[in-house]
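A quick write-up on the structure given underneath.
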Amino acid sequence: MSDAERRRAQILESIGRAAALARRDAREVTLVAVTKTRSMAEIAPLIAAGQRDFGESRVSEALEKWPPAMASDPGLRLHCIGRLQSNKARDAVRLFDVIHSVDRMSLVAALSEEAARADRAPKVYLQVNIGEEAQKGGCAIADVPALLAAIRGSPLSLAGLMAIPPVDVEPSPFFALLAELALRHDVSGLSMGMSGDYAAAVMLGATTVRVGSALFEG
Ligand SMILES: *Cc1c(COP(=O)(O)O)cnc(C)c1O
């Protein structure tokens, strides 16, 4: 068993335990392997181990790395998890199956235009600045209803809500708050949880966890 295979199996096992504790079905939870800064040589063992969902932060890096692998394996799904400039919307719509970082009207508009042009509708998560932090990506909690309405009225397909809690504080209250927002607005998907806190996120309802370092280190 490769290191990648072993780490992935351990993470899937932890997800399974967390789901069982919360009386959830672990099959509702997608593990996105975050591969920003990792080379295709590091990523290949994960693909061989059966991993299908991968997350990248930067459009340019993803464009350099992924097209050959995706051409040879049409089952791979690429997720955009980083801040997205509207002028990268065309590349993003062509490359990504899921975009987790939609957080403003201008980006909804740019992605909608490109989706219509490419006749390809990526799934999108509305990213919420759940800790209301300055300088952080994500929309204000007060803007969630209007942005959800805009996405629902667009060619984009709404996957759910995404958040990155503040660092160095207990993340669970923020996961619970995102879950509460999703419930209030009739949204089913929750992209939350990273290497240090994905088990807590799964207990609180995550349907997608984004895990990088725990898959590649240790
Ligand atoms: C890098 C990144 C992750 C993965 O973080 P790890 O702590 O390495 O698991 C998850 N989500 C986003 C948005 C990221 O930028």
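The values are calculated or read from the model by the stated rules, or taken from the named source; none is laboratory data. Keep in mind it's a predicted model, so treat the numbers as computed, not measured. Virtual Cβ from ideal backbone geometry, glycine too; neighbours counted across all protein chains shown. These accessible areas exclude ligands, DNA and RNA; they are computed on the full protein's heavy atoms, side chains included. Shrake-Rupley method; radii C 1.70, N 1.55, O 1.52, S 1.80 Å.
Couplings 3J(HN,Hα) for region 42-56, derived from phi with the Karplus relation 6.51 cos²θ - 1.76 cosθ + 1.60 (θ = phi - 60°), are 6, 7, 3, x, 5, 4, 4, 7, x, 5, 10, 9, 10, x, 10 Hz, where x marks Gly and Pro.
Annotation: peptides 28-35, 178-185, ranked by per-residue average of other Cβ atoms within 10 Å with the highest first, follow the order 28-35, 178-185. Measuring nothing but protein heavy atoms, the accessible surface of the chain at 1.4 Å probe radius is 52 percent carbon and sulfur. Over region 1-100, the fraction of Cα-Cα pairs per 5 Å bin, rounded to whole percents and listed from the shortest bin up, is 2, 12, 22, 20, 18, 13, 8, 4, 0.
Here the Karplus relation 6.51 cos²θ - 1.76 cosθ + 1.60, evaluated at θ = phi - 60°, turns the backbone of region 142-151 into coupling constants of 5, 8, 4, x, 5, 5, 4, 4, 5, 5 Hz, with x for every Gly and Pro. In the frame of its principal axes, region 93-185 has Cα extents of 42, 25, 20 Å, reported largest first.
Its Cα gyration tensor gives the chain an equivalent ellipsoid, and the semi-axes of that ellipsoid, as √(5λ) in whole Å with the largest first, are 25, 23, 15. What the chain shows is 46 Å² of accessible area per residue, with the surface traced by a 1.4 Å probe over protein heavy atoms.
Put simply, the amide H of Lys36, placed in the peptide plane, has neighbours under 5 Å in Ser57, leaving out anything fewer than 5 places away on its chain. Ranking Gly189, Ser172, Gly153 by Cα position along the charge dipole of region 65-218, where only Lys, Arg, Asp and Glu carry charges on their C-beta atoms, puts Gly153 farthest toward the positive end. Relative to the Cα centre, the charge distribution of the chain, modelled as +1 at Lys and Arg Cβ and -1 at Asp and Glu Cβ, gives a dipole magnitude of about 360 debye. If R0 is taken as 35 Å, the Cβ-Cβ distance between Ala44 and Arg83 corresponds to a FRET efficiency of 0.80.
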